[in-house]
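Data first, discussion second: the structure below is written as structure tokens.
The values are calculated or read from the model by the stated rules, or taken from the named source; none is laboratory data. Keep in mind the model is a prediction, meaning the values are calculated, not measured. Using ideal geometry, Cβ is built from the backbone for each residue, glycine included, and neighbour counts are taken over all protein chains shown. When the accessible area is computed, the model is the full protein with side chains, heavy atoms only, and any ligands, DNA or RNA have been set aside. Shrake-Rupley method; radii C 1.70, N 1.55, O 1.52, S 1.80 Å.
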Amino acid sequence: MSAGELLERSLAYSLGSVAGTKAVSLGRATPCAEWNLEELLGHLDDSLDALYEGLTGGRIGLLRHADRVCGFRTRACAVLGAWAAGPPDDVLVGERPLDVRVMAAVGAVEITVHGWDVARACGRQWPIPEGLAAELLSVAQCVVGEEDRGVRFAEPVAVPSRARPETRLLAFLGRRH
């Protein structure tokens with residue numbers, strides 16, 4: 001699966017997750033212990049801003065929406081449009097070049113897993129599609145190192161090696177399914 005397809009599928013999944021937030025309090029706890037639902041949606045917003053900036057070399061330039069769900073949808077569409085327009089080969093992270101496909105794949109992990117977190121915070125079962133979860137697990141295993149544990153990610157949760165890809169992905173990133 002190409003990085004663009006992975007990004008598109010992760011955004012589609014997360015848009016479905018975010019759709020359930022209207023009926024719940026934004027102060028609800030999430031699987032991300034440090035963030036409530038509103039803060040998690042803000043983090044997703046920031047992630048989409050960073051992806052857009054990497055894909056276009058500029059800022060997204062849209063007004064912040066008081067409605068986090070509307071803002072997420074707007075930014076998701078902008079990111080997909082920037083990818084479709086033809087992103088650069090490399091983006092700069094600080095002074096270091098990063099292949100845009102790597103940026104998109106890492107962004108897909110972030111967007112999908114936090115989309116799962118949003119659905120859980122809303123009390124919804126919203127399984128990550130098996131093929132998407134398998135692809136994202138491969139990406140996560142390549143980019144999440146021990147130095148990221150306790151900083152960006154919790155310690156992995158033990159699960160059987162034969163568990164579904166979604167369960168293994170979430171466990172690798174420190175979530176209990």
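For the subset of region 153-177 comprising residues that are among the basic types (K, R) and surrounded by 15 or more Cβ atoms within 10 Å (Cβ to Cβ), which member is farthest from E34 (Cα to Cα)?
R164
So which residues in region 19-44 are surrounded by fewer than 17 Cβ atoms within 10 Å (Cβ to Cβ), modelled with pLDDT under 90, of a type in the set (A, V, I, L, M, F, W, C) and out of contact with any Cys (no Cβ under 6 Å at 6 or more places or on another chain), if there are any at all?
A23, L26, A33
Since E5 meets every condition but one in (1) at pLDDT below 90; (2) under 18 Å from M103 (Cα atoms); (3) open to solvent by 20 Å² or more (accessible area, probe 1.4 Å), which condition does it not meet?
(1)
Given the structure, is G16 surrounded by 16 or more Cβ atoms within 10 Å (Cβ to Cβ) and either part of a helix (DSSP H, G or I) or modelled with pLDDT under 85 (or both)?
No.
State whether one or more residues within region 61-72 are open to solvent by 50 Å² or more (accessible area, probe 1.4 Å), part of a helix (DSSP H, G or I) and either closer than 24 Å to L173 by Cβ or modelled with pLDDT of 90 or more (or both).
The answer is yes, given that some residue of region 61-72 is open to solvent by 50 Å² or more (accessible area, probe 1.4 Å), part of a helix (DSSP H, G or I) and either closer than 24 Å to L173 by Cβ or modelled with pLDDT of 90 or more (or both).
Can you name the residue in region 113-139 that is buried (at least 20 other Cβ atoms within 10 Å of the Cβ) and in a loop (DSSP other than H, G, I, E, B) and, of all such residues, is farthest from the chain's Cα centre (by Cα)?
C122
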